[in-house]
Amino acid sequence: MIRKVVSLSFLICAVLCQAEQAVWQLGKPDGSGKVFAYKHNNFWTPELLEGLTIHGLMPDTNVKVEKSPGKVVYTIKVPLRELYPLSEKTKEFGFSWLVNDNDGNGRKYIQWSSGIGPSKTPVLFGYISVRGE
């Protein structure tokens, strides 16, 4: 995981939220200023889905970071296939995000819901409920 620079992590849990199912990391690991999307692991499936990144850089994911005085805005566009097993029919799922900040004085972070910071614990994730069409 990227903890020596500023980075954003988000995790989903689509089925029963008992075990870590997918981890995505967004950040700038080499200080180059380039922002990327990296999948650490994927929900286990015996079939191979076409176009699904199992592990590594996600080339079809668009990540943009805009900095201005006092704030940083992350815009992330992830193809739905990369969020497998989520689909158009998914109505609710576990979710958590965390922003790591390490300015050289040790790791600090902010998060929405729990379940990422000290350990990956999906049962602590918040739930997203999709409504409408």
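Given the conditions (1) at pLDDT 85 or above; (2) hydroxyl-bearing (Ser, Thr, Tyr); (3) in a loop (DSSP other than H, G, I, E, B), report the number of the one that THR45 does not fulfil.
Of (1) at pLDDT 85 or above; (2) hydroxyl-bearing (Ser, Thr, Tyr); (3) in a loop (DSSP other than H, G, I, E, B), only one is false for THR45: (1).
Evaluate region 104-115: report whether one residue or more is touching a strand residue (DSSP E or B) at 6+ places or on another chain (Cβ under 9 Å), farther than 21 Å from TYR38 by Cβ and of a type in the set (Ser, Thr, Tyr).
Scanning region 104-115, I find at least one residue that is touching a strand residue (DSSP E or B) at 6+ places or on another chain (Cβ under 9 Å), farther than 21 Å from TYR38 by Cβ and of a type in the set (Ser, Thr, Tyr), so the answer is yes.
Look through TRP97, TRP112 and report the one residue that is under 21 Å from LEU57 (Cα atoms), surrounded by 11 or more Cβ atoms within 10 Å (Cβ to Cβ), out of contact with any helix residue (DSSP H, G or I) (no Cβ under 9 Å at 6 or more places or on another chain) and modelled with pLDDT of 85 or more.
After applying the criteria, what remains is TRP97.
Have a look at GLU92, GLU88 and point out the one that is touching a helix residue (DSSP H, G or I) at 6+ places or on another chain (Cβ under 8 Å) and either more than 19 Å from SER7 (Cβ to Cβ) or small (Gly, Ala, Ser) (or both).
GLU88
The values are calculated or read from the model by the stated rules, or taken from the named source; none is laboratory data. What you see is a predicted model; the values in this text were computed from it and never measured. Every residue, glycine among them, receives a Cβ derived from its backbone with ideal geometry; neighbour counts consider all protein chains shown.
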